[in-house]
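Presented below is the structure to which this report refers.
We did not get these values from a lab; they are worked out from the coordinates using the rules stated. Only a predicted model underlies this, so the values are computations on that prediction, with no experimental measurement involved. Reconstructed Cβ throughout: ideal geometry from the backbone, glycine too, with neighbour counts over all protein chains shown.
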Amino acid sequence: MNLNGIKKAAGILAVGVVLSGCQGTLSEKTPIHPNLNMDQQPRKEAQEVNNFFADGRSMRQPVEGTVARGLRKADAAYYEGVDENGEWIEEMPVELTRALLYRGKERFEIFCTPCHGITGKGDGMIMNGYGYVPAPTYHQDRLREAPDGEIYSAIYNGVRNMPSYAHQIPVEDRWAIVGYIRALQASHNVSEDEIKEYDVDLSSIQAEYNAAQEKAAELAAAKEAKSAGTPASAERGKELAATYACETCHSTDGTAVIGPTWQNLFGHEVKVTTEDGETMTVTADEDYIKESILNPGAKIVDGFAPSMPNAYSALSESDLQSILEYIKTLSEH
Ligand code: HEC
Ligand code: HEC
């Protein structure tokens, strides 16, 4: 914009400010209102006293025994994703059409990708370095097996560290997103035999996969090299616990938050259930703690949901050691 353009824009803005400036400001004088509209009409404001009614209120309650059109949300399956017993419904209550899936894709990419990533791997762009709790990947058995109603509930109610998106996303779109997440999961969980039924070049997929693995290994090596110069220490571990948002789920003062407290964890006994469903008591030594961080699904602490994100396996050896040193300082010996 040239100088004249700026002057003109400023002029228009100033006129706008003058014309709109008085609304809402208290004044004894009758406001000048050249454009008469529904602002001028006899009516009661919200919260205003109204002596016409015995209770003196302007704001009326709905007539007893009635529900306003469109507000009868009796269909719990549709609105809340639960059946009559309050259990999550297995299958979504809306018809899964191509149009719904595309709608779901679009909405997913707007609302969910910042954290969950474009393919649902949990690698959204704000997940790196901003101290957020990592969003889990959808491509794990627990979430593949979760009923549709539970996925819906994550959007509707939020889940632990994830806020609800009920205000941003209307009901039909929530189901569209659920459908799309199912499609994403299916697309990442195809057996070799099934792939062969389609006209795809398996070797090029394999090559792409290998390249991605190589790149990840390179990144990990670079991270390792960078932190190799920094000796492991409890202070650094404390910093890392903040950076990686471990503290959102783990306290150091004995209270259980979403995960167990770290107070007196090291060297003490923990009751766990293994991946194979076996229950046992283990001592929280170095190996156990490292395993808990690198592969959280391996042993689940009794009384807690398997909700620790599997997102820390790329921690460098030195960073892992630092966190371990920090956790050790929280135990009395
Ligand atoms: C601001 C980041 C963020 C956004 C945006 C986000 N999520 Fe999440 N999501 C998370 C985090 C963090 C968790 C793990 C919460 C926990 O376990 O404490 C999670 C967990 C989940 C889970 C797993 C729930 C479970 O039972 O473990 C589902 C499903 C999910 N999100 C779906 C969605 C959908 C659908 C959207 C978009 C409508 C979305 N999320 C948007 C951060 C986000
Ligand atoms: C979204 C919540 C969440 C975040 C973030 C999280 N954890 Fe966890 N963590 C859990 C839960 C839940 C458990 C218990 C269930 C289990 O065993 O997986 C757990 C278990 C553990 C255990 C075993 C504790 C015990 O009492 O036996 C260790 C150690 C641990 N986490 C370390 C970490 C570290 C280190 C980080 C950050 C780098 C971290 N966690 C981030 C939720 C979380």
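When the chain is treated as a Gaussian network with alpha carbon springs shorter than 10 Å, the biggest mean-square fluctuation among Gln140, Gln40, Gln321 belongs to Gln40.
For the chain, what relative contact order do you get, as a whole percent, if you take Cα pairs closer than 8 Å and at least 6 residues apart?
For the chain, the relative contact order is 13 percent.
One Cα centroid belongs to segment 307-325, the other to segment 88-105; the line between them spans 37 Å. By how many degrees, between 0 and 90 and to the nearest 10, does the Cα long axis of helix 317-329 differ from the longest principal axis of the chain? Result, in degrees: 80.
Where in the chain is the longest stretch that carries no trypsin sites (Lys or Arg not before Pro) classed as loop by DSSP and with at most 10 other Cβ atoms within 10 Å?
73-333
Taken along its three principal axes, the alpha carbon spread of segment 147-204 comes to 44, 23, 21 Å, from the longest extent down to the shortest. For segment 251-322, GluC sites (Glu not before Pro) meeting the loop criterion (DSSP other than H, G, I, E, B) and having at most 15 other Cβ atoms within 10 Å: Glu275, Glu278. With an a/c value of 1.5 or above and a/b not larger than b/c for the gyration tensor axes a ≥ b ≥ c computed over the alpha-carbon atoms, segment 81-222 is described as oblate. Can you list the chymotrypsin sites (Phe, Trp or Tyr not before Pro) in segment 111-176 that are in a DSSP coil and have 11 or fewer other beta carbons within 10 angstrom? Within segment 111-176, the qualifying chymotrypsin sites (Phe, Trp or Tyr not before Pro) (loop, at most 11 other Cβ atoms within 10 Å) are Tyr130.
Cross-link reach is defined here as a Cα-Cα straight distance under 25 Å, omitting same-chain residues fewer than 8 places apart; for Lys238 the lysines meeting it are Lys223, Lys226, Lys290, Lys299, Lys328.
Net charge of the neighbourhood of Tyr156, taken over other residues with C-beta under 10 Å away and scored Lys/Arg +1, Asp/Glu -1, is 0. So how tilted is helix 171-187 from the main axis of the chain? Cα-based, degrees 0 to 90, rounded to 10. Rounded to the nearest ten degrees, it is 20.
Measuring between their Cα centroids, segment 27-74 and segment 204-260 lie 56 Å from each other. Computed as a quarter of the hull surface, the mean projected area of the alpha carbon convex hull for the chain stands at 31.8 nm². Going by alpha carbons, how many degrees (0 to 90, nearest 10) lie between the helix axis of 234-243 and the longest principal axis of the chain? Between the helix axis and the principal axis of the chain, the angle is about 40 degrees. Summing Lys and Arg as +1 and Asp and Glu as -1 over all other residues whose Cβ lies under 14 Å from the Cβ of Thr274 gives a net charge of -3.
May I ask you to list the residues of segment 107-141 whose amide nitrogen lies under 19 Å from a point 7 Å from Cα along the Cα→beta-carbon direction of Ser164? What the label zone holds, given the 19 Å backbone N cut-off, is 111-112.
Taking K and R as +1 and D and E as -1, what net charge do the other residues with C-beta under 14 Å from the C-beta of Pro260 add up to? That sum, taken over residues with Cβ under 14 Å, equals -2. Compute the Cα gyration tensor for segment 249-333, then decide on rounded, prolate or oblate, letting a ≥ b ≥ c be the square roots of its eigenvalues: rounded whenever a/c is under 1.5, prolate when a/b is larger than b/c in the other cases, and oblate in all that remain. It is rounded, given that a/c, with a ≥ b ≥ c, falls under 1.5.
Charging the Cβ of each Asp and Glu at -1 and of each Lys and Arg at +1, and nothing else, the dipole of the chain about its Cα centre rounds to 2260 debye.
Using C-alpha pairs under 8 Å with a sequence gap of at least 6, the mean separation divided by the residue count of segment 34-189 gives a relative contact order of 22 percent.
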